[in-house]
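Take a look at the structure below.
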Amino acid sequence: MIDTRYIKWENKAYTVSSNVSLREIRVFGKGYGKKPEKVQVLHVERDSVDACKCRLIWDPVSNADGYVIRYGISPDKLYNSIQVSNDSARLDFRGLNTDQNYYFSIAAYNENGISQYLENLNKH
């Protein structure tokens, strides 16, 4: 384990052309504080007009930087995930199949870790 404040990215070799770009960089680690508490409430409302849409609403966690929402077609097959920044405590999601039931779970995260997942395993 190392403690660091800055990360330097340097291109050491050009492979295709002399131009290089960096689109995104993600650095993972843990801070020294407390990870967020578990989200206590997750409501999922399937759109009655368009079954491809649903709205997820949860109670925000005070020290969370964002949330990870997992979903899938079975309680033991939550293979898809969405990351939501802490701007709001809701998500309008469009990407479901109309004739399929879905299951959802949510966890809060910050620089110190991720909370336990809250399972909302009702069919939606």
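Dipole size of the chain about its Cα centre, with +1 on Lys/Arg Cβ and -1 on Asp/Glu Cβ: approximately 320 debye, rounded to the nearest 20.
Net charge near Gly31: determine it from the other residues with C-beta under 15 Å of the C-beta of Gly31, scoring Lys and Arg +1 and Asp and Glu -1.
Numbers: positive: Arg5, Lys30, Lys34, Lys35; negative: Asp3, Asp65, Glu111.
Result for the neighbourhood of Gly31: +1.
For Asp76 and Arg23, the difference between the fully extended length at 0.36 nm per residue and the C-alpha to C-alpha distance is 15.7 nm.
All distinct Cα pairs of the chain go into the 1/r average, and the inverse of that average, the Kirkwood radius, is 16.9 Å. Using the Karplus relation 6.51 cos²θ - 1.76 cosθ + 1.60 with θ = phi - 60°, the per-residue 3J(HN,Hα) values for the range 46-54 come to 6, 5, 6, 8, 10, 5, 6, 10, 8 Hz, with x marking Gly and Pro.
If packing is taken as the average count of other Cβ atoms within 10 Å, what order do 99-111, 53-65 fall into, highest mean first? Please report the intermediate quantities before stating the final value.
On the way: 99-111: 18.4, 53-65: 16.4.
The packing order, highest mean first, is 99-111, 53-65.
Each reported figure results from applying straightforward, stated rules to the coordinates on display, with no laboratory input. Treat the numbers as computed from the prediction; the structure is a model and nothing was measured. No Cβ is skipped: glycine too gets one built from the backbone with ideal geometry, and neighbour counts run over all protein chains shown.
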